[in-house]
Amino acid sequence: MNTIAGFKSTAAVAEKWLVLALVCLFPVVMGTIESAASTIFILLSLVGLLTIYKDWRLIASWEKAILYGFMLFVGYQLFSVLMSDDSNRAWHRFEKVVRFLLAVPIYLLIRRYADVAYRALLIGLIVSGPVMLWVAFETMEGGRAIGAYNYIVYGDFSLMVCLSALSAALLAGRGRWMNFMLLVSAMLTLYTSLLTQTRGAWLVLPFAFLLFVWICIKRYQGNKRNWILGGTLIIALSAGGALTTTDIFQDRAQNAVVSWDQYWEGTIEGSIGLRFLKWEAAIEHWQAHPLIGSGIGDYWLDTKELAAKEPRFRVIEEYTEAHSLYFEVLATTGLIGFLLLIWAVFFQPFRYFWQRIYDSGNPIVQYLAFDGVLIIAAVMIDGISQNWLSRNPLTTAYIFFLVLFLTGIARLECSKQN
């Protein structure tokens, strides 16, 4: 009996350190080593499956509601696969969505150690800054940093780390040196994002700036010196990154304006014009199947059929996606799929995070809640100009951070009650 008890104790300790190590590594490798994020994700899900039934009984009703939402979203996507004409592409898309189902065992696993897992995340965020910038310089291609995948994914990842590190520095309260290192990492990852020249990722910066100013005023309303310092750091962070890449901003902005004008003049040239035409096509597809859509993965087939009828769409007939999460989900899964996406993937976790922002009695809970709001808002805004759900790395990263923040709050609240 003592041998069995000793083995179980050793296994529990090994499991804990494995989880903490993977949590620490995730932000460092998610954009710098190809398939590393998916490998960590799958490994965590496999370990979590071992005790899923025991842990499920221990979680609160609000946690089950969020996880049930993920399951319902995946279930409807499976139904959409069966409705699709392009089955190969449909199953390829579903393979990415099914990660929301794997979030359940990962959630239950990380929840066991979530009261300390956030510390592992902070270490990972600090290391991510210099690593991501170094990889950016090593993978420059055509004047743009591409990381392990491409400039879009790398730009989104670096900005995600930047926002998370900055919110940790301002809210987590882990000491001056820790805060300083987090701020340095935030500066480095912001610069990395700018080196990718990913305009879609930059759309979140004005909104993030307003959120940071708001939380600084709210958190430090009794100490003007602190919130003024926090606001100054945010402004310096934004201005520093912008000033070091002025030419990049000007070139990308000018190209966007030219492409916009050409689109309204009827000339489809440049990425902006093509994107608007794809969205037009998506609306056409949705109007043909307004409730349940044409089927996940059918955007390409539907666009080819539309181009055969209307010649102006021929310029986009070879594109396989709408370059927008919302337009593509609406076209392929209909109004039902669109509403499920908003409710299950965004609204439910956002609502819970937003409620916990006001828990100023626990700085860690407030940090996790604010970071959760920030990540969801960033991903929602990013979804306007790209379909991140069609990319494994982005889907994996979003679910991972969502699970980590939710479990951290749940565990800390349980500890407070006990």
Legend entry - Failed condition for Leu58, given (1) modelled with pLDDT of 85 or more; (2) not in a helix (DSSP H, G or I): (1)
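Yes/no matrix, rows are residues, columns are (1) surrounded by 14 or more Cβ atoms within 10 Å (Cβ to Cβ); (2) more than 30 Å from Asp302 (Cβ to Cβ):
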| residue | (1), (2) |
| --- | --- |
| Glu15 | yes, yes |
| Leu18 | yes, yes |
| Pro27 | yes, yes |
| Ala36 | yes, yes |
| Thr39 | yes, yes |
| Val47 | yes, yes |
| Tyr53 | no, yes |
| Tyr76 | yes, no |
| Met83 | yes, no |
Legend entry - Filtered residues of the stretch 91-116 (kept if crowded, with 22+ Cβ neighbours inside 10 Å and modelled with pLDDT under 90): Arg93, Ala114
Inset, instruction - Could you list, in sequence order, all residues of the stretch 13-31 that are of a type in the set (Phe, Trp, Tyr) and farther than 24 Å from Ser193 by Cα? - result: Trp17
Inset, instruction - Looking only at the stretch 178-220, count how many residues are at pLDDT below 80 and farther than 24 Å from Ser324 by Cβ. - result: 9
Inset, instruction - For the stretch 314-326, indicate whether the set of residues that are within 19 Å of the chain's Cα centre (by Cα), closer than 30 Å to Ile409 by Cβ and either of a type outside the set (A, V, I, L, M) or assigned by TED's automatic domain parsing to the domain that holds Tyr398 (or both) is non-empty. - result: yes
Inset, instruction - Would you check if there is a residue in the stretch 147-169 being more than 21 Å from Ile375 (Cα to Cα) and modelled with pLDDT of 75 or more? - result: yes
Inset, instruction - Go over the candidates Phe26, Phe41 one by one and state the one that is modelled with pLDDT of 95 or more and either in contact with a Ser or Thr (Cβ under 7 Å, 6 or more places away or on another chain) or within 19 Å of Thr407 (Cα to Cα) (or both). - result: Phe26
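The values are calculated or read from the model by the stated rules, or taken from the named source; none is laboratory data. Fair warning: this is a prediction, and the values are worked out from it, not measured in the lab. Cβ coordinates were reconstructed from backbone atoms using ideal geometry, including for glycine residues, and neighbour counts include every protein chain displayed.
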